[in-house]
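Below is one structure, written out as structure tokens, with a few remarks after it.
Nothing in this text is a laboratory measurement; each read-out follows from the coordinates by a stated rule. Keep in mind that what you see is a predicted model, and the values were worked out from it rather than measured. Please note: Cβ atoms are built from the backbone with ideal geometry, for glycine as well, and neighbour counts cover all protein chains shown.
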């Protein structure tokens, strides 16, 4: 029985399913058989392979400028199929606006780099893997650095979630850094020269000054969070509205400290506001509040009764936590609402701890110009854990994320026109 001959599209479909090493073997065999140039044939088939994948994913299946589906093929240049829109005359390719534009790397290599990025491989380890497992000879640390930051930026650009229900908000602060900059810039008024910092040098103006980047964070009771580098120095209501309004989906309560920014926001949008002053525990301790010793039930009951009276007095004097923007509540009414809706700042405090650990621990601090990319990457992987029950780690996870990046970039490009 005669074997069926494969057409070109079927060959590409077959090559798409091959792991990179087998893909290279097939190209090497073909170039040897056809007496061709291996590198040229490899680049050509990598390009065809990527186009086939993008076509299957329906990336740029319509005009990126006007979204028209009336498009025609418009010739091939350097193995890349060009298209032209009949309606607006825009010329584009399947790569237009995506992370794969002007690329020469195979799909599997992109997935490998993203896999190593989400698993926090060092540049040295990434270089070894790319050279030994993927044949990327001569690749240097600068290329890997740029590649990794391209992924960080792409992940930070993915849409952050809409938060709902009870939402906790607060700011945390990261020391302004200019690592890698040849010329240091001073952000302090009347200080012209920004001296290099070696070791732990105290700030002149504290965390509310321009020596710190303000990272504003919000998290709901499901665990989804939105974290953004807001500014250098103090957050304003206008800035908070512009950065977070689209992410706060009709919250039932906003929980925060006594920062007037959040109080003004809640008044503006008529949202119940749970306020817990930052000196909450200090006030309790100074007024005789004690933790009951449950080893002695009788004594614990006496302590609880004493604590209840202390809380009622402090609440009446507006010295501890309370709910604003909902009229006057008696202490029992407030306590019931607080318990019923789990009003606290515990989640956002835990979130801050994780951010500090990531930036100062795992990252050894980062340059402020890249801080939003790292914060965005942190936010994406943390939200992935909420959705999937685990942090992304496998090659399969990396490929799923890579496809999400491509689809989002294509969508953004269409939106911008």
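Computed extension length for residue 340-residue 142: 65.9 nm, one decimal, from 0.36 nm per residue of separation with the Cα-Cα distance subtracted. Going from the residue with the fewest nearby Cβ atoms within 10 Å to the one with the most, 88, 231 rank 88, 231. For the stretch 199-303, rounded, prolate or oblate, judged on the Cα gyration tensor with a ≥ b ≥ c (square roots of eigenvalues), a/c < 1.5 rounded, else prolate if a/b > b/c? Oblate is the answer for the stretch 199-303, as a/c is 1.5 or above yet b/c matches or exceeds a/b.
Between the beta carbons of residue 305 and residue 238, assuming R0 = 41 Å, the FRET efficiency works out to 0.30 to the nearest 0.05. Is the shape of the stretch 166-349 rounded, prolate or oblate, going by the alpha carbon gyration tensor and its root eigenvalues a ≥ b ≥ c, with a/c under 1.5 for rounded and a/b larger than b/c for prolate? Verdict is prolate for the stretch 166-349. When 229, 241 are arranged by Cβ crowding within 10 Å, least crowded first, meaning fewest neighbours, the order is 241, 229.
Considering Cα pairs under 8 angstrom that are at least six residues apart, work out the relative contact order of the stretch 166-349 and quote it in whole percent.
Numbers: 247 pairs, mean separation 39.9, N = 184.
Once divided by the residue count of the stretch 166-349, the mean separation gives 22 percent.
Here 266, 255, 62 are placed in order of increasing Cβ neighbour count within 10 Å, fewest first, which gives 62, 266, 255.
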